[in-house]
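Colleague: Here it is, the structure in full.
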Amino acid sequence: MNYLEFLSEHGVTLLFGTVTTVKVFVCSFFLFLIISMIFGLMRLSKNAAIQGIATVYIEFFRGTSLLVQLFWAYYVLPFFGVSLEAFSAGVLALGLNFGAYGAEVVRAGILAVPQGQWEAAHALNFTPAKRMSRIIIPQIFPIILPPISNLTVELLKATALVALVTVVDLTFEARQINSITWLSAQSFGTALLIYYIMARFALVPFLRWLEVVAARKVGLGDH
Amino acid sequence: MTRFFKVATVLLASVFTVSSVQAETLTERLANGDKLRLGFGTAVPWAYAGDNGEALGFVNAIALTVLEEMGIEEHETKVFEWSGLIPGINANRSDMITGGMYILKSRCENINFSDPIGVFGDAMLVPKGNPKNINNYQDVIDTGAKLVTGTGFNTVEAAKKYGVPDSQMLLVEGEVGILAAMKAGRADVAVQTFFGAKEHEAKTGGQFEVTDPKLMPKETLNVVGIGFRKSDEEFRQAFNAALAKVMASPDTMLERAGKYGYDRAQLPPPSMTTEWACATK
Amino acid sequence: MEIGFRWDFAYEIFPALIRATGNTILAAGIGYLIAVFVGLVFLLGQKTSSRILNMITREIVEFIRSTPLLIQLFFVYFVLPQFGITLSAWVCGMLTIGLHFGTYLCEVYRGALEAVPKAQWEACRALNFSNAYAYRRIILPQAFPIAIPGMGNYLVGIFKDTPLLSTIGVAELFHAATAVGGYNYRYLEPYTMVGVIFLTLSIPAAMWVRRLEKRVNKAQGKTTR
């Protein structure tokens, strides 16, 4: 059968899988952002215990493979009383893993805010909490957005792994079609195309737009 | 900014709370309205998923016929990597294993099986004409051939038992991996269930052929059962009762399973019970 | 089925896992070498005199970089044999990892080259150095130390992506854990031990890369707070 016939017969299945991929991506993206902020700040805490916890977390999740974490969350965690659905286990593993990388980016971003800002906040008698939330954090966005954008594209690609723990996403459907029809080039090729289109023509432009907005808000863009 | 975080947290909280899986027995969960979850791998014609996730394959057909007899119409399907089926059911990822699992002693230690739903044999898949004349495990050892099979398959245990050295074994993921390895010439011979081998012969239009299962060691004749968690004993008894009824007048079952190649020859003889298999296989 | 961590089982499977770790390190190493080379090819492919070749290379790099390694692995493993190219799972895995990470390393190289001060290029032109000579004696020796931390990070990254090779049957550590877990129907011990082994190997490696990075930054005159 030629490619158009393949698409008409299996295209819908692949699209349904894509919807699940997008759902997994959006949920893990939110978790990734939240964890990055929280642990990035924790890493900078003067409190040794808080900083220690953050460091252990970051080293652990950056030091082990995502696939191992994912399988662990799915097959092993239930024995510790935490039994999440496949979708949630996938989101959890993805969010925790990428959150560790994101935390380092946030930390570097906070440290990169010009020294003058910290001093001015101090001179104006801001409490540390207000200084962080009103002055420093809003300024980190133009700094952290490029590396966070890279991580976000990586996250989209990483969602493919959840197919290995029974989540019915695009990768899963492509494998299914391949195992029944053996049209490997068409099934995997189309999957590659769909991921490419999502990353290049939807995700990256969105992230670029975020960078422009962030730069403008901080006053670094064109006025 | 804070509004974004509030929204994100609420979204995530809903994802995670709605999804915890409880640890009651299967009968209780079904009474509460949860759906039964069938767990299987991708093994044509035993059990595989259709385009919309429907349970296809003869093991699924038989299981669904019995469930119908029990009055259970609704179900969900979950497709696992084969070696994840038993760890999966024990981690509460599925409720019934309908992959088409042979009842083996090592498996009985981890899960319980229903009464047998059929008797099956293994066979080898070789290139057309069987150039190396391999028909069983001893031939594999003698010719030094590369043997491929799936991780977690009964044939892994069997190959080890009959002395095939690790250096000659290639382990891949499931039926799909086996055929891919054979087609690419990464292995000289594959060992799998007779039905699986027949399916591969048909799918490749005779590029590969199935050896005679009678040339395999006699012990490779096995019975297949539906897998249950050890804690779901009540449900298993109910399932067995319904299975007995279906087997007593098997016409509907044979018609549905027959679509995939299952026929009367597969009906389990009364001597091969689950207890016998758990003790001797 | 026992719920607790069975130390006897863990002890029993430990040798098999350690043996497989050797395969993992080998796979990561070879894949990385291929990536280093492929990265150079992609870099040069974007700097040729032909605009069309540059564009095509750019598109290929973008495509490989924007799609999941897992699907690329499946593609190479399943599709090539259908066109008569049958490679062992190992070779498929190495090549795909090499291609995939080659695109990342290509960006690292580009970033490193761009970080070399413009003045160096101008000086080369003023002194009438040929392109080849300029690259060889002036530019590359300055770009190389800048590239090292990025290259080191991707070495660690490749190492952590080797478990994906298990999906096409490469007998590395994760595959061994799945095999032994499938054979014994217990995943708790094998997967926990895989995690521990990864930690023991990648944390020192990551620390070493970070030390390299600090040294390079110091040499470049950038200090961290």
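The values are calculated or read from the model by the stated rules, or taken from the named source; none is laboratory data. None of these values were measured; they are calculated from a predicted model. Methodologically, a virtual Cβ is constructed for each residue, glycine included, from the backbone with ideal geometry; neighbour enumeration extends over all protein chains shown.
Colleague: For segment C:50-142, list the helices (runs of 4 or more DSSP H) that sit wholly inside it and hold at least 2 residues that are within 27 Å of A:LEU164 (Cβ to Cβ) and polar (S, T, N, Q); which are they? Can you show your working first?
Modeller: On the way: elements: C:51-66, C:69-82, C:89-115, C:118-126.
Here the list reads C:69-82, C:89-115.
Colleague: Can you tell me which residue is farthest from A:ALA93 (Cα to Cα) among those in segment B:17-49 that are facing chain A (nearest Cβ under 9 Å) and at pLDDT 70 or above? Give the steps one after another, and end with the answer.
Modeller: Here is the first cut: in segment B:17-49, the residues facing chain A (nearest Cβ under 9 Å) are B:18-23, B:39, B:42, B:44, B:48-49.
Cutting the leftovers down to at pLDDT 70 or above gives us B:39, B:42, B:44, B:48-49.
Values: B:GLY39: 22, B:THR42: 25, B:VAL44: 31, B:TYR48: 27, B:ALA49: 26 Å.
Only one residue fits best here, namely B:VAL44.
Colleague: Could you look through segment B:214-232, keep only residues that are surrounded by 17 or more Cβ atoms within 10 Å (Cβ to Cβ) and polar (S, T, N, Q), and pick out the one that is farthest from B:ALA158 (Cα to Cα)?
Modeller: Within segment B:214-232, the subset surrounded by 17 or more Cβ atoms within 10 Å (Cβ to Cβ) is B:216, B:220-229, B:232.
Next, only the ones that are polar (S, T, N, Q) stay: B:220, B:222.
Details: B:THR220: 8, B:ASN222: 12 Å.
Of everything passing the filter in segment B:214-232, B:ASN222 is farthest from B:ALA158 (Cα to Cα).
Colleague: Where the second residue is among the aromatic types (Phe, Trp, Tyr) and the first is assigned to a helix (DSSP H, G or I) and lies in segment A:161-183, which pairs have Cβ atoms under 6 Å and are six or more apart or on separate chains?
Modeller: A:ALA163/A:PHE172; A:VAL165/A:TYR74; A:ALA174/A:PHE188
Colleague: What pairs come out if I take residues in segment B:244-255 that are outside the structural domain of B:ALA61 (by TED's automatic domain parsing) and pair them with residues that are hydrophobic (A, V, I, L, M, F, W, C) and not in a helix (DSSP H, G or I) whose C-beta lies under 8 Å away, six or more apart or interchain?
Modeller: Qualifying pairs under 8 Å: none.
Colleague: Of the residues C:PRO163, C:PRO149, which single one is assigned to a helix (DSSP H, G or I), more than 9 Å from chain B (Cβ to nearest Cβ) and surrounded by 24 or more Cβ atoms within 10 Å (Cβ to Cβ)? Steps first, answer last, please.
Modeller: Working: C:PRO149 fails: surrounded by 24 or more Cβ atoms within 10 Å (Cβ to Cβ).
Sole residue among the options that is assigned to a helix (DSSP H, G or I), more than 9 Å from chain B (Cβ to nearest Cβ) and surrounded by 24 or more Cβ atoms within 10 Å (Cβ to Cβ): C:PRO163.
Colleague: Quick check: anything in segment B:190-213 surrounded by 19 or more Cβ atoms within 10 Å (Cβ to Cβ), without any contact (Cβ under 8 Å) to a residue 40 or more places away in the chain and over 16 Å from the mean Cα position of the chain (by Cα)?
Modeller: no
Colleague: Now for a separate question. Being of a type outside the set (A, V, I, L, M) and either within 14 Å of chain B (Cβ to nearest Cβ) or in contact (Cβ under 8 Å) with a residue 24 or more places away in the chain (or both) is the filter here; which residues of segment C:192-209 pass it? Before you say what the answer is, go through the steps one by one.
Modeller: In the first step, residues of segment C:192-209 are kept if they are of a type outside the set (A, V, I, L, M); the result is C:192, C:195, C:198, C:200, C:202, C:204, C:208.
Of everything in segment C:192-209, those that are of a type outside the set (A, V, I, L, M) and either within 14 Å of chain B (Cβ to nearest Cβ) or in contact (Cβ under 8 Å) with a residue 24 or more places away in the chain (or both) turn out to be C:THR192, C:PHE198, C:SER202, C:TRP208.
Colleague: Please go through segment B:218-234 and pick out each residue that is assigned to a loop (DSSP other than H, G, I, E, B), within 20 Å of the chain's Cα centre (by Cα) and not charged (D, E, K, R). Talk me through it step by step, then tell me what you get.
Modeller: Going through segment B:218-234, the residues assigned to a loop (DSSP other than H, G, I, E, B) turn out to be B:221, B:229-232.
After this cut, where a residue has to be within 20 Å of the chain's Cα centre (by Cα) as well, the list is B:221, B:229-230, B:232.
Scanning segment B:218-234 gives a single hit, B:LEU221.
Colleague: Considering only residues that are of a type in the set (Val, Ile, Thr) and facing chain B (nearest Cβ under 10 Å), which ones fall in segment A:53-86?
Modeller: We begin by selecting, within segment A:53-86, every residue of a type in the set (Val, Ile, Thr); these are A:53, A:55-56, A:58, A:64, A:68, A:76, A:82.
Answer for segment A:53-86, where residues must be of a type in the set (Val, Ile, Thr) and facing chain B (nearest Cβ under 10 Å): A:VAL76, A:VAL82.
Colleague: Can you work out which of the residues in segment C:1-49 that are among the hydroxyl-bearing types (Ser, Thr, Tyr) and surrounded by 13 or more Cβ atoms within 10 Å (Cβ to Cβ) is nearest to the chain's Cα centre (by Cα)? Don't jump to the end; show me each part of the working.
Modeller: The first filter runs over segment C:1-49 and keeps only residues among the hydroxyl-bearing types (Ser, Thr, Tyr), leaving C:11, C:21, C:24, C:32, C:48-49.
From what is left, the residues that are surrounded by 13 or more Cβ atoms within 10 Å (Cβ to Cβ) are C:21, C:24, C:32.
Numbers: C:THR21: 17, C:THR24: 13, C:TYR32: 5 Å.
So, considering only residues that are among the hydroxyl-bearing types (Ser, Thr, Tyr) and surrounded by 13 or more Cβ atoms within 10 Å (Cβ to Cβ), the one nearest to the chain's Cα centre (by Cα) is C:TYR32.
Colleague: Continuing with this model, one more query. Does segment B:209-229 contain any residue that is in contact with a Gly (Cβ under 6 Å, 6 or more places away or on another chain), at pLDDT 90 or above and aliphatic (A, V, I, L, M)?
Modeller: Among the residues of segment B:209-229, at least one is in contact with a Gly (Cβ under 6 Å, 6 or more places away or on another chain), at pLDDT 90 or above and aliphatic (A, V, I, L, M), which makes the answer yes.
Colleague: Please tell me if B:PHE235 is within 30 Å of C:ALA171 (Cβ to Cβ) and not charged (D, E, K, R). Talk me through it step by step, then tell me what you get.
Modeller: On the way: within 30 Å of C:ALA171 (Cβ to Cβ): no; not charged (D, E, K, R): yes.
So B:PHE235 fails the test.
Colleague: Taking into account only those residues within segment B:233-263 that are modelled with pLDDT under 90 and polar (S, T, N, Q), which is surrounded by the most Cβ atoms within 10 Å (Cβ to Cβ)?
Modeller: For segment B:233-263, the residue satisfying everything is B:THR252.
Colleague: Of the numbered conditions (1) surrounded by fewer than 24 Cβ atoms within 10 Å (Cβ to Cβ); (2) touching a residue at least 24 places away in the same chain (Cβ under 8 Å), B:PHE80 satisfies every one except a single condition; which is it?
Modeller: Among (1) surrounded by fewer than 24 Cβ atoms within 10 Å (Cβ to Cβ); (2) touching a residue at least 24 places away in the same chain (Cβ under 8 Å), the lone unmet condition for B:PHE80 is (1).
Colleague: Within the group B:THR98, B:THR65, B:THR77, which residue is at negative phi, away from chain C (no Cβ under 14 Å) and not in a strand (DSSP E or B)?
Modeller: Numbers: B:THR98 fails: not in a strand (DSSP E or B); B:THR77 fails: not in a strand (DSSP E or B).
So the residue among B:THR98, B:THR65, B:THR77 that is at negative phi, away from chain C (no Cβ under 14 Å) and not in a strand (DSSP E or B) is B:THR65.
Colleague: To continue, here is another question. Of the residues that make up segment B:154-164, is at least one surrounded by fewer than 21 Cβ atoms within 10 Å (Cβ to Cβ), of a type in the set (A, V, I, L, M, F, W, C) and out of contact with any Gly (no Cβ under 9 Å at 6 or more places or on another chain)?
Modeller: No.
Colleague: Residues being among the small types (Gly, Ala, Ser), at the interface with another protein chain (Cβ under 7 Å from one of its Cβ atoms) and in contact (Cβ under 8 Å) with a residue 24 or more places away in the chain: count how many of those fall in segment C:172-191. Break it down stepwise before answering.
Modeller: If we filter segment C:172-191 for residues that are among the small types (Gly, Ala, Ser), which is where we start, we get C:176-177, C:179, C:181-182.
Adding the requirement that they be at the interface with another protein chain (Cβ under 7 Å from one of its Cβ atoms) leaves C:179, C:181-182.
So of that shortlist, the ones also in contact (Cβ under 8 Å) with a residue 24 or more places away in the chain come out as none.
Of the residues in segment C:172-191, 0 are among the small types (Gly, Ala, Ser), at the interface with another protein chain (Cβ under 7 Å from one of its Cβ atoms) and in contact (Cβ under 8 Å) with a residue 24 or more places away in the chain.
Colleague: Among the listed residues A:PHE6, A:PHE16, A:PHE32, which satisfies the condition of being crowded, with 21+ Cβ neighbours inside 10 Å and of a type in the set (Phe, Trp, Tyr)? Full working, then the answer.
Modeller: Working: A:PHE6 fails: crowded, with 21+ Cβ neighbours inside 10 Å; A:PHE16 fails: crowded, with 21+ Cβ neighbours inside 10 Å.
Result: A:PHE32 is the single residue among A:PHE6, A:PHE16, A:PHE32 that is crowded, with 21+ Cβ neighbours inside 10 Å and of a type in the set (Phe, Trp, Tyr).
Colleague: Here is a list of conditions, (1) closer than 30 Å to A:PHE79 by Cβ; (2) surrounded by 16 or more Cβ atoms within 10 Å (Cβ to Cβ); (3) without any contact (Cβ under 8 Å) to a residue 60 or more places away in the chain, and C:THR57 meets all of them except one; can you say which number that is?
Modeller: So C:THR57 meets the others, but not (1).
Colleague: So in segment A:85-127, with the set limited to residues that are surrounded by 16 or more Cβ atoms within 10 Å (Cβ to Cβ) and charged (D, E, K, R), which one is modelled with the lowest pLDDT?
Modeller: Only one residue tops the list, namely A:GLU85.
Colleague: So, of the residues in segment B:158-212 that are more than 10 Å from chain C (Cβ to nearest Cβ) and acidic (Asp, Glu), which turns out to be nearest to A:ALA174 (Cα to Cα)?
Modeller: B:GLU175
Colleague: Going through segment C:66-92 one residue at a time, which ones are more than 14 Å from chain A (Cβ to nearest Cβ) and among the small types (Gly, Ala, Ser)?
Modeller: Pass one, segment C:66-92, residues more than 14 Å from chain A (Cβ to nearest Cβ): C:87-91.
Scanning segment C:66-92 gives C:SER88, C:ALA89.
Colleague: Sticking with this structure for a sec: Starting from residues that are among the small types (Gly, Ala, Ser) and either without any contact (Cβ under 8 Å) to a residue 12 or more places away in the chain or assigned to a loop (DSSP other than H, G, I, E, B) (or both), keep the ones in segment B:101-122 and report whichever is farthest from B:VAL172 (Cα to Cα). Working first, answer last.
Modeller: Let us first name the residues in segment B:101-122 that are among the small types (Gly, Ala, Ser), namely B:106, B:114, B:118, B:121.
Now narrow it down to the ones that are either without any contact (Cβ under 8 Å) to a residue 12 or more places away in the chain or assigned to a loop (DSSP other than H, G, I, E, B) (or both): B:114, B:121.
Values: B:SER114: 28, B:GLY121: 21 Å.
Among them, the one singled out is B:SER114.
Colleague: Could you list, in sequence order, the residues of segment A:19-29 that are over 19 Å from A:ILE144 (Cβ atoms) and crowded, with 18+ Cβ neighbours inside 10 Å?
Modeller: A:THR20, A:THR21, A:VAL24, A:PHE25, A:CYS27
Colleague: Go over the candidates B:VAL140, B:VAL126 one by one and state the one that is under 24 Å from C:ILE168 (Cβ atoms), buried (at least 18 other Cβ atoms within 10 Å of the Cβ) and without any contact (Cβ under 8 Å) to a residue 60 or more places away in the chain.
Modeller: Working: B:VAL126 fails: without any contact (Cβ under 8 Å) to a residue 60 or more places away in the chain.
Only one candidate qualifies: B:VAL140.
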